[in-house]
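> Structure provided below as structure tokens; questions to follow.
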Amino acid sequence: MSRRALAAGLLLLSLTAAAKDTPMAWKTEKNDLFRCELPERWRRKPLSGSGAGFLFTDGLRFISAARQGKDLKDALARRKAETPEAEVSPLKVLGRSSERLKRTYRARTDGDEGAGPREWVYEETVLVPDKAGTWELQFQSSSALPAPQPAALEAWNRFLKSFKPR
């Protein structure tokens, strides 16, 4: 391993350790579609396209909430077809049974200069029905190395527990 790679790895580990030692400040997000809790420093961006919703990010990790039509079974079948490698497990959101689709995959960041470095992406998707249709809630966290417990997993779990459609 080169000295540069070793130094980068040690820096990443120290930043991760420092981030875990710092208690996270929280805020309550209220908009026309839902209410939830998020880390204080995360920014909100409206989603464009057919599903109304929002994306929340700290620049490295993302949580999104978007409408995906009326039928939960169709949305779940479509999502499972798009990500056949996803691990499926039961979950309760809004007091209702749902399914968590979890996967880790390698992605390449391509730039103007050609293929960029590869990164690992940890992703969870949860489809939740309510009286107006189906919500697709999603979390993504990227890292240089695969991580069984990605950064901001606490934020995602708190978001899921606090998510309330209007």
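Readers should treat all values here as calculations from the given coordinates under stated rules, not as data from a laboratory. The structure displayed is predicted, hence computed values, not measured ones. Cβ atoms come from the backbone with ideal geometry, glycine included; neighbour counts cover every protein chain shown.
> Give the average over all directions of the projected area of the C-alpha convex hull of the stretch 25-165, one decimal, in nm².
Across all orientations, the stretch 25-165 yields a mean hull projection of 9.2 nm².
> When only Cα pairs under 8 Å and 6 or more residues apart are kept, what is the percent relative contact order across the stretch 25-165?
Rounded, it is 25 percent for the stretch 25-165.
> Oh, and also: So, counting K/R as plus one and D/E as minus one, what does the shell of residues with Cβ under 14 Å around A65 add up to?
Here the count lands on +3.
> Turning to a different aspect of this structure: Exactly which trypsin sites (Lys or Arg not before Pro) in the stretch 31-86 are in a DSSP loop and have at most 13 other Cβ atoms within 10 Å?
R41, K70
> Under the 0.36 nm per residue contour assumption, what length would be gained going from the current alpha-carbon distance of A144 and L94 to full extension?
14.6 nm
> Then there is this: How far apart, in nanometres, would the label points at R103 and K73 be if each is projected 7 angstrom from Cα along the Cα-to-Cβ direction?
Each label point is offset 7 Å from its Cα along the Cβ direction, giving 2.4 nm.
> Efficiency by 1/(1 + (r/R0)^6): what FRET value for A81 and M24, r their Cβ-Cβ distance, R0 = 41 Å, to the nearest 0.05?
E between A81 and M24, to the nearest 0.05, is 0.70.
> I want the local charge near L101. Using Cβ-Cβ distances under 9 Å, sum +1 for each Lys or Arg and -1 for each Asp or Glu among the other residues. Provide the component values of the computation, followed by the final result.
On the way: positive: R79, K80, R100, K102, R103; negative: E87, E99, E123, E124.
Charge balance in the 9 Å sphere: +1.
> Once you place label points 7 Å from the Cα toward the Cβ at K131 and S48, how far apart are they in nm?
Simple spin-label model gives 3.3 nm for this pair.
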